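Undergrad: Please read through the structure below; I'll follow up with questions.
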Amino acid sequence: MGSLYQGTRNETDDDAGGGEVAALLKGLARAHDGLTDVSFQFAKLCLGIIVFAYCYEVGARYFFNAPTWWADEAVSYALCIGVFTMMPHVTREKGHVAVTLIVDMLSPRRARPIYWLIYLLGFLACVAAAWISLDENIRQVVKDVNLMKVKPLPKVWISGWITYGFASSALYYLRQLDYRKITVGDGADGRIS
């Protein structure tokens, strides 16, 4: 008589393995959502930096005749970082601009595959952009490329956020490819239930 621990398999072994994989994927999805929540808050901080830097620059320049060297740089860096740390949150919430006039006219049965295709194309586009950006990040590190502003700064410190934004958004599009979770109609507009 063979025991389960001596190499024989049954259906409960497969279920247990599938449960472990499902639990791992759920944990990874929660971690991804948590990282996105943190980057969303960081994007809000970047917006605050932009507002503060502009207001400070206007006050210093026009009221005290003492323009700053750092305000323009802070605004441009914070804008880039803020946009690409907000991007995964917008992708998760399906907040991107979408012209869905034709898809909205279709029946739910026909619209679901169209939404799935849109998510697939979004995934492929974001993966391609993340790959190109990562390749550029690596080149910047290898060649020690700096941003030549008043204070030189390694370019990868800013452009790395572009890679993060596209890669994290690609993961959200990949998560949205679960055909069973795409609901259409009743105002859902292809949202995951």
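Undergrad: Test of understanding: what is the full-extension gain from Leu25 to Ile138, defined as 0.36 nm times their sequence separation minus their Cα-Cα distance? Before the final figure, lay out each step's value.
TA: On the way: separation 113, 0.36 × 113 = 40.68 nm, distance 2.88 nm.
Length gained between Leu25 and Ile138: 37.8 nm.
Undergrad: Evaluate E = 1/(1 + (r/R0)^6) for Asp37 and Trp131, where r is the Cβ-Cβ distance and R0 equals 30 Å; express this FRET efficiency to the nearest 0.05.
TA: The formula returns an efficiency of 0.75 here.
Undergrad: What order do you get for Met148, Met87 when you list them from fewest to most C-beta neighbours inside 10 Å?
TA: Met148, Met87
Undergrad: Once you have the Cα-Cα distance between Val99 and Leu124, take 0.36 nm times their residue separation minus that, and quote the gain in nm to one decimal.
TA: 7.1 nm
Undergrad: For the range 130-161, which trypsin sites (Lys or Arg not before Pro) are both in a DSSP coil and crowded by at most 16 other Cβ atoms within 10 Å?
TA: When the trypsin sites (Lys or Arg not before Pro) of the range 130-161 are filtered for loop state and at most 16 Cβ neighbours within 10 Å, Lys143, Lys149 remain.
Undergrad: If a paramagnetic tag sat 7 Å from the Cα of Leu177 along the Cα-Cβ line, which residues of the range 108-125 would have the backbone N under 17 Å from that point?
TA: From the range 108-125, the list is 113-125.
Undergrad: Let me ask something else about it. Given a Förster distance of 25 Å, report the FRET efficiency between Lys149 and Val58 from their Cβ-Cβ distance, rounded to the nearest 0.05.
TA: Working: r = 20 Å, r/R0 = 0.79.
Once rounded, the FRET efficiency stands at 0.80.
Undergrad: Same structure, new question: Can you give me the distance in nm between label points at Leu79 and Leu45, each placed 7 Å from the Cα along the Cα-to-Cβ direction?
TA: Distance between label points: 2.1 nm.
Undergrad: Where in the range 39-101 are there chymotrypsin sites (Phe, Trp or Tyr not before Pro) that are in a DSSP coil and have at most 15 other Cβ atoms within 10 angstrom of their Cβ?
TA: Trp69, Trp70
Undergrad: Sticking with this one: I need the shape label for the range 10-181. Rule: rounded when a/c is under 1.5, else prolate if a/b > b/c, else oblate, with a, b, c from the alpha carbon gyration tensor.
TA: Prolate, since a/c reaches 1.5 and a/b exceeds b/c.
Undergrad: Right, next: Among all lysine pairs in the range 10-181 that are eight or more places apart or on different chains, how many have alpha carbons less than 26 angstrom apart?
TA: So the count of such lysine pairs works out to 9.
Rule-based calculations on the coordinates, nothing more; no lab input. This is a predicted model, so every value here is computed, not measured. Quick reminder, even Gly has a Cβ in these numbers, built from the backbone with ideal geometry, and neighbours come from all protein chains shown.
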